[in-house]
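Scroll down for the structure; my scribbles are underneath it.
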Amino acid sequence: LNQRRRIMFTHIPSHCTIKIFTVSGVLVDEIKVNNQPENGIIHWDMLSKENLEIAAGMYLFHVEAHETGDEKLGKFAVIK
């Protein structure tokens, strides 16, 4: 069974944009959230916007809520 790897973002607003960057600042992918996520949870398939598997390493994420303009920045590591 080939279980696709994915990352779970929690406490995500219902209308927001999640951007994922490399630590050098290159945009890897962008997730537009426009619905009431189940318990505020969004899953990301760990594929770039070109649909390629991302490399191991450190990544940054930026969440911007559309209604409030609130922003959150965080980071995560991908280990192969």
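Summing +1 for each Lys or Arg and -1 for each Asp or Glu among the other residues whose beta-carbon sits under 13 angstrom from that of residue 4 gives 0. Checking every one of the GluC sites (Glu not before Pro) in region 51-80 against DSSP loop status and a limit of 16 other Cβ atoms within 10 Å picks out 67. Taking only protein heavy atoms and a 1.4 Å probe, the accessible area of the chain is 54% carbon and sulfur. For region 57-70, backbone phi angles converted through the Karplus equation (6.51, -1.76, 1.60; θ = phi - 60°) give residue-by-residue couplings of x, 8, 9, 10, 10, 10, 10, 10, 6, 5, 6, 9, x, 4 Hz, Gly and Pro being listed as x. Straight-line cross-link partners of residue 75 among the lysines, defined as a Cα under 16 Å from its Cα and at least 8 positions apart when in the same chain: 19. Take the chain with all the other protein chains still there, run a 1.4 Å probe, and you get 69 Å² of accessible area per residue. Taking amide hydrogens as placed 1.01 Å from N in the peptide plane, the amide H of residue 46 sits under 5 Å from those of 7, each at least 5 positions away in sequence or on another chain.
The values are calculated or read from the model by the stated rules, or taken from the named source; none is laboratory data. Only a predicted model underlies this, so the values are computations on that prediction, with no experimental measurement involved. Because the Cβ atoms are built from the backbone with ideal geometry, glycine has one as well, and the counts that use them run over all protein chains shown. What goes into the accessible areas is simple: the full protein's heavy atoms, side chains included, and nothing from ligands, DNA or RNA. Shrake-Rupley method; radii C 1.70, N 1.55, O 1.52, S 1.80 Å.
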